[in-house]
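Asker: Quick one: the structure is below, questions incoming.
The values are calculated or read from the model by the stated rules, or taken from the named source; none is laboratory data. Keep in mind it's a predicted model, so treat the numbers as computed, not measured. Glycine also receives a Cβ, built like all others from the backbone with ideal geometry; neighbour counts cover every protein chain displayed.
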Amino acid sequence: MKSIVVTDQAAGTAGMKLVERPEPQGAALAGLSNASYGDVVVQVRASGFTGDELSWPSTWIDRLGRDRTPSIPGHEVAGVVTALSYGTTGLSVGQRVFGLTDWTRDGTLAEYVAVEARNLAPLPGDVDFTVGAALVMPGLTAWQGLFEHGRLRVGQSVLVHGAAGVVGSMATQLAREAGAYVIGAGRAAGRQAALDFGAQEFVDLDSDALEDVGGVDLVFDVLGGDIAKRSAAVIRAGGTLVTIAGPTEARPRNGLTVDFVVVPDRVQLSEIVRRARDGRLRTNIGTIATLDDAVAAFNPTKRISGKTIIRVQP
């Protein structure tokens, strides 16, 4: 099968290569011998890639710390189930699915991928595969940050950093739909996009004073560093700073800071795609490319807004 592989961490995305790799063995998967219980093989129709994946240790080593290169990156998938492992229930061959694959296994920038069935949710027939793939990582990250870790409630206020970006735009929409007052933040060029995604105010981090925002109940942070520290100061006593940018010393007064890593969740994926189907949630796709053109797509000559999705098969 065609797949994108990486072998050199220092090379970054420039080190990506399109090669031929063996397909996951569906026949062995379904047998009693050598069965990987709970796995399914998915024919990948669309795949997503997160920009900093190549800095993650899990891209290069397995759970036991062993080198696993050449590895296939990409962890967001939308496609069709072609094989089930012995004893797997809840999915069927031919079913349309989407979801998040394991960090330490070969990913989705390939024509086929083996993934745990529990990490996948049914993808309705009226949702395009590119939309399904684009919903996975941003949708789950925003959902878990706002509702699981941030415990956002109706009537609260939330400051969303990167509100025009891939994850921030999803968080903006979900927070607004949940009845929160949403303040978006980012660079000036993202103002209109953030407002279009539902932010009721916008803070230009280059020219506006973040400290003038006033008290908010929750900050959803994608930047970390100094921005996270300054953001903690605008949170009301007892509020929460949620970040996906790594550990931080920033702490709101009498409140909580949560640094988290997104996890697969079938129920949450179903809620997210339901909102996309009825128009309450839009993806933020910037570029759609083929697998043959994936290396160039991840090494653009100019800045691209929105998420890059690889259309692997029609």
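Asker: Given the conditions (1) surrounded by fewer than 19 Cβ atoms within 10 Å (Cβ to Cβ); (2) touching a Gly at 6+ places or on another chain (Cβ under 8 Å), report the number of the one that Asp128 does not fulfil.
Answerer: The single condition Asp128 does not satisfy is (2).
Asker: Under the condition of being in contact (Cβ under 8 Å) with a residue 24 or more places away in the chain and at positive phi, which residue from the range 82-97 is surrounded by the most Cβ atoms within 10 Å (Cβ to Cβ)?
Answerer: The selected residue is Gly90.
Asker: From the list Ala250, Ala228, Ala209, pick out the single residue that is of a type in the set (Gly, Ala, Ser), in contact with a helix residue (DSSP H, G or I) (Cβ under 6 Å, 6 or more places away or on another chain) and not assigned by TED's automatic domain parsing to the domain that holds Thr104.
Answerer: Sole residue among the options that is of a type in the set (Gly, Ala, Ser), in contact with a helix residue (DSSP H, G or I) (Cβ under 6 Å, 6 or more places away or on another chain) and not assigned by TED's automatic domain parsing to the domain that holds Thr104: Ala250.
Asker: Looking at (1) more than 21 Å from Val261 (Cα to Cα); (2) in contact with a His (Cβ under 8 Å, 6 or more places away or on another chain), which is the one condition that is false for Val81?
Answerer: Condition (2) is where Val81 drops out.
Asker: Quick one: which strands (runs of 3 or more DSSP E) lie wholly within the range 187-251 and hold at least 3 residues that are touching a Pro at 6+ places or on another chain (Cβ under 9 Å)?
Answerer: Per the criteria, 235-243.
Asker: Tell me yes or no: at least one residue of the range 215-237 is modelled with pLDDT of 90 or more, in contact with a strand residue (DSSP E or B) (Cβ under 7 Å, 6 or more places away or on another chain) and polar (S, T, N, Q).
Answerer: Yes, there is a match, as at least one residue in the range 215-237 is modelled with pLDDT of 90 or more, in contact with a strand residue (DSSP E or B) (Cβ under 7 Å, 6 or more places away or on another chain) and polar (S, T, N, Q).
Asker: Looking for whichever is more than 15 Å from the chain's Cα centre (by Cα), assigned to a strand (DSSP E or B) and either among the aliphatic types (A, V, I, L, M) or at pLDDT 95 or above (or both) here; the options are Val158, Val154. Which one fits?
Answerer: Every option except Val158 fails the conditions.
Asker: Go through the residues of the range 137-154 one by one and say whether even a single one is within 30 Å of Pro24 (Cβ to Cβ) and touching a Lys or Arg at 6+ places or on another chain (Cβ under 8 Å).
Answerer: Checked against the condition, which is being within 30 Å of Pro24 (Cβ to Cβ) and touching a Lys or Arg at 6+ places or on another chain (Cβ under 8 Å), the range 137-154 yields at least one hit.
Yes or no, residue by residue, for (1) under 16 Å from Ala134 (Cβ atoms); (2) loosely packed, with under 13 Cβ neighbours inside 10 Å; (3) touching a Cys at 6+ places or on another chain (Cβ under 9 Å); (4) not small (Gly, Ala, Ser):
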| position | (1), (2), (3), (4) |
| --- | --- |
| Gly279 | yes, yes, no, no |
| Arg282 | yes, no, no, yes |
| Asn299 | no, yes, no, yes |
| Ile304 | yes, yes, no, yes |
| Val312 | yes, no, no, yes |
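Asker: Still on this structure: Name the single residue, out of those in the range 232-247 being small (Gly, Ala, Ser) and out of contact with any helix residue (DSSP H, G or I) (no Cβ under 7 Å at 6 or more places or on another chain), that is farthest from Tyr181 (Cα to Cα).
Answerer: Across the range 232-247, the extreme among qualifying residues is Gly246.
Asker: Exactly one condition in (1) touching a residue at least 40 places away in the same chain (Cβ under 8 Å); (2) in a strand (DSSP E or B) is not met by Thr257; state its number.
Answerer: All conditions are met except number (1).
Asker: Shifting gears a bit: Please go through the range 206-240 and give me each residue that is in contact with a His (Cβ under 9 Å, 6 or more places away or on another chain) and in contact (Cβ under 8 Å) with a residue 24 or more places away in the chain, ordered by number.
Answerer: Scanning the range 206-240 gives Val219, Phe220, Asp221, Val222, Leu223, Ile227, Ser231, Thr240.
Asker: Suppose we keep only residues that are more than 20 Å from Thr59 (Cα to Cα) and in a helix (DSSP H, G or I) within the range 10-42. Which one would you say is modelled with the highest pLDDT?
Answerer: Leu29
Asker: Mind telling me which of the residues Gly255, Gly214 ends up being closer than 19 Å to Gly145 by Cβ, surrounded by fewer than 20 Cβ atoms within 10 Å (Cβ to Cβ), more than 24 Å from the chain's Cα centre (by Cα) and not β-branched (Val, Ile, Thr)?
Answerer: Result: Gly255 is the single residue among Gly255, Gly214 that is closer than 19 Å to Gly145 by Cβ, surrounded by fewer than 20 Cβ atoms within 10 Å (Cβ to Cβ), more than 24 Å from the chain's Cα centre (by Cα) and not β-branched (Val, Ile, Thr).
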